[in-house]
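For reference, the structure discussed in these notes is given below.
The values are calculated or read from the model by the stated rules, or taken from the named source; none is laboratory data. Quantities reported herein were computed from a predicted structural model and do not represent experimental measurements. Please note: Cβ atoms are built from the backbone with ideal geometry, for glycine as well, and neighbour counts cover all protein chains shown.
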Amino acid sequence: MSTSTATEHAHEDASHESHGAHAHNGPSDGTMVKIAVLLAVLTGIEIVFAEAKLGPASTWALIILMIVKFVVVVLYFMHLKFDAKLFSYLFWAGAILAVAVYAAAMACFQMFAS
Amino acid sequence: MADLAVSPVAAGHDAHDDHGAHHGSTGLSNNKLAMWLFLGSDCLLFGGLISTYMLYRGRVAEGPHPEDVYNIPFTSVSSFVLLMSSLTMVLAVTSAHRGDVKRTRLWLIATALLGATFVGGQVFEFTEMYYKGLGYTTSLFSSSFYTLTGFHGVHVTVGVIMLLSLVAITLRGRIPGNRAEVVELVGLYWHFVDIVWIVIFTLVYLIPS
């Protein structure tokens, strides 16, 4: 195989990978509408939990629902589930770093406050 | 009808795919890579603002407390509006990939309108809070609240401007190289604004201090 042919193949592969990163492989419009309905229902459940005022149980339920909604939007609406892994690494690195750094910072403030 | 999906310029150019995306050594679109990197870093910005609010929300020396000024039913409707704008944005992106300019434009306008409605709701909410005695410098709670939600509002406003710019560009038929990726990039930014609001809505409004 000549060098130029090998280069063409490499570019072809890159192009295929990139195509995989586009919306073509993602869910259909109908599925997206169903996901939006699910998110709306979850928001409704959140409001019910908030109004119920069940103390720590409400708080934990609200945090779990928030995480579920966050992940669903990132994976499906932002197509991260169907996209290249590198995009996932970049985004989740930032998100997890933010949670870790600020959880540590808040813990320090609580420690010094008490 | 102009085609958003297939670029005559990009066709045959080995550094582009048929959406006109520039590729680096990773074989991925450089623009998308940059956008994801930006979104990852923006998580840190909002993480800082949210944690500052969490620390200061109970610090009210004078002026109203959070439960005195929050209007949960109104904010719930605003949240629903922003959530639905994510759906219309997804539909705009899939229409762009199909090369359907008319529907792309329609969904982009719908997204911009829903985003503008959300920003309008936030302006109404801020005005209502101000008249209840919650100024920017009233307490640590008020400063951290206005800074956090204000920053988010600015992000939504920038998103609306980007959406309207895309609409104007499609009307003039000037999407560079007819690239659907431009719509996808704005879509990523828009969904990010939505996920930030998902966190703010729960931690700021629904969980009591």
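Brief remarks follow.
- Neighbours by Cβ (under 7 Å, 6+ apart or cross-chain): first from region B:27-54, closer than 28 Å to residue B:144 by Cβ and more than 7 Å from chain A (Cβ to nearest Cβ); second among the small types (Gly, Ala, Ser) and assigned to a helix (DSSP H, G or I): B:52/B:144; B:53/B:144
- Test result for residue B:202, polar (S, T, N, Q), closer than 30 Å to residue B:59 by Cα and buried (at least 22 other Cβ atoms within 10 Å of the Cβ): yes
- The residues of region B:103-145 that are among the polar types (S, T, N, Q) and under 23 Å from residue B:48 (Cα atoms), listed by number, are B:122, B:137, B:138, B:139, B:142, B:143, B:144.
- Filter pass, residue A:102 being aromatic (Phe, Trp, Tyr), surrounded by fewer than 20 Cβ atoms within 10 Å (Cβ to Cβ) and farther than 18 Å from residue B:93 by Cβ: no
- Residue in region A:104-114 that is modelled with the highest pLDDT, counting only those that are over 13 Å from residue B:53 (Cα atoms) and small (Gly, Ala, Ser): A:104
- Of the set (1) of a type outside the set (A, V, I, L, M, F, W, C); (2) within 11 Å of chain A (Cβ to nearest Cβ); (3) under 17 Å from residue B:164 (Cβ atoms), all apply to residue B:117 but (2).
- Where helices (runs of 4 or more DSSP H) fall wholly inside region B:56-145, the ranges with 2 or more residues that are in contact (Cβ under 8 Å) with a residue 40 or more places away in the chain, surrounded by fewer than 16 Cβ atoms within 10 Å (Cβ to Cβ) and of a type in the set (Asp, Glu) are B:66-69.
- Search result, residues across region A:85-98 that are more than 7 Å from every other protein chain (Cβ to nearest Cβ) and hydrophobic (A, V, I, L, M, F, W, C): A:92, A:96
- The residue that is surrounded by the fewest Cβ atoms within 10 Å (Cβ to Cβ), counting only those in region B:4-54 that are charged (D, E, K, R) and at pLDDT 65 or above, is B:42.
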